[in-house]
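Visitor: The structure is given below, and queries will be raised subsequently.
The values are calculated or read from the model by the stated rules, or taken from the named source; none is laboratory data. Since the model is a prediction, treat every value here as computed from it, not as a measurement. Here Cβ is always computed from backbone atoms with ideal geometry, including for glycine, and neighbour counts include all displayed protein chains.
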Amino acid sequence: MPQYKGTLRMRIRDVIEAIPDTAGIAVSSKVTVGAGASGIVASMAQWNWPAIVASSVAICGLAINFYFQHRRDKRDRDENRRKEELHQAQLKALQNRCDL
């Protein structure tokens, strides 16, 4: 979570923005594992349609998980870029103060 000086509102907004990604990743992971296990059991029992449906759900779960992981990674990269820009600005301000 980003560290903002004295602005609790920014932290709450960041947490609220991260909730859908976190929930999506958690749910899609569980659905993928459950559907994969169901597909294996259905295949072993030679139930064709349940195996096909379970495998399709597992593949959809993987795709959803990939989507939310990608969103989270993009948000983290943007946050790190902002932190680096802030750090460089602070260093420049300190250098300018020392030059006077």
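Visitor: Could you check how many residues of region 13-52 are among the β-branched types (V, I, T), surrounded by 12 or more Cβ atoms within 10 Å (Cβ to Cβ) and under 18 Å from N65 (Cα atoms)?
Guide: 6
Visitor: Looking at this structure, is N65 free of Cβ contacts under 8 Å to residues at least 12 places away in the same chain and in a helix (DSSP H, G or I)?
Guide: So N65 fails the test.
Visitor: Tell me which of these Q46 doesn't satisfy, since it passes every other one: (1) assigned to a helix (DSSP H, G or I); (2) free of Cβ contacts under 8 Å to residues at least 60 places away in the same chain; (3) not basic (K, R).
Guide: Q46 satisfies all of (1) assigned to a helix (DSSP H, G or I); (2) free of Cβ contacts under 8 Å to residues at least 60 places away in the same chain; (3) not basic (K, R) except (1).
Visitor: Could you look through region 54-74, keep only residues that are in contact with a helix residue (DSSP H, G or I) (Cβ under 6 Å, 6 or more places away or on another chain) and of a type in the set (V, I, T), and pick out the one that is nearest to S28 (Cα to Cα)?
Guide: The residue in question is I64.
Visitor: Further, regarding this structure: Give the residue, chosen from L94, L8, that is of a type outside the set (F, W, Y), exposed (fewer than 13 other Cβ atoms within 10 Å of the Cβ) and at pLDDT below 85.
Guide: Among L94, L8, only L8 is of a type outside the set (F, W, Y), exposed (fewer than 13 other Cβ atoms within 10 Å of the Cβ) and at pLDDT below 85.
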